[in-house]
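Peer 1: Handing you a structure now.
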Amino acid sequence: MNPTVRLERADAVPQDARVRDFDELDSDAQHALPGAVDGDPVTLDSPTALEDGEIVKYTGYYRISVAE
């Protein structure tokens, strides 16, 4: 099953959080991220290296939620 990704704006980033920049993501995740920023859940076409709970810096900081 392909993962579904949701983003939630992170107002605060914990000091011990894993933070990655947009350009560190694989191309599938980079392509899907703008739609998820708009608040829509996005289903990726393949498994992803995104981890549930990690933070991605894009137009701001976003907490990733990944569901299978």
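The values are calculated or read from the model by the stated rules, or taken from the named source; none is laboratory data. Bear in mind the structure is a predicted one, so any value in this text is a computation, not a measurement. We place every Cβ from the backbone using ideal geometry, glycine too, and count neighbours over all the protein chains shown. The protein model used for the area step is the full one, side chains on, heavy atoms only, and it has no ligands, DNA or RNA in it. Shrake-Rupley method; radii C 1.70, N 1.55, O 1.52, S 1.80 Å.
Peer 1: For the range 18-29, give me each residue that is of a type outside the set (D, E, K, R) and part of a strand (DSSP E or B).
Peer 2: Correct list: Val19 only.
Peer 1: Of all residues in the range 23-47, which are under 17 Å from Arg63 (Cα atoms) and among the polar types (S, T, N, Q)?
Peer 2: Gln30, Thr43
Peer 1: Next question. Restricting attention to the range 1-17, which residues are among the aliphatic types (A, V, I, L, M) and part of a strand (DSSP E or B)? Spell out how you get there, then give the answer.
Peer 2: Step one: filter the range 1-17 for residues among the aliphatic types (A, V, I, L, M), giving 1, 5, 7, 10, 12-13, 17.
Answer for the range 1-17, where residues must be among the aliphatic types (A, V, I, L, M) and part of a strand (DSSP E or B): Val5, Leu7.
Peer 1: For the range 14-29, name all the residues that are surrounded by 13 or more Cβ atoms within 10 Å (Cβ to Cβ) and over 15 Å from Pro3 (Cβ atoms).
Peer 2: Within the range 14-29, Ala17, Val19, Arg20, Phe22 meet the criteria.
Peer 1: Going residue by residue through the range 6-22, is there one that turns out to be among the aliphatic types (A, V, I, L, M), within 10 Å of the chain's Cα centre (by Cα) and at pLDDT 85 or above?
Peer 2: Yes - at least one qualifying residue is present in the range 6-22.
Peer 1: Go through the range 30-63 and report how many residues are farther than 14 Å from Pro3 by Cβ, in a loop (DSSP other than H, G, I, E, B), modelled with pLDDT of 85 or more and open to solvent by 60 Å² or more (accessible area, probe 1.4 Å).
Peer 2: Total meeting the criteria: 2.
Peer 1: Oh, and also: In the range 49-68, which residues are without any contact (Cβ under 8 Å) to a residue 60 or more places away in the chain and touching a Ser or Thr at 6+ places or on another chain (Cβ under 8 Å)?
Peer 2: Those that are without any contact (Cβ under 8 Å) to a residue 60 or more places away in the chain and touching a Ser or Thr at 6+ places or on another chain (Cβ under 8 Å): Asp52, Gly53.
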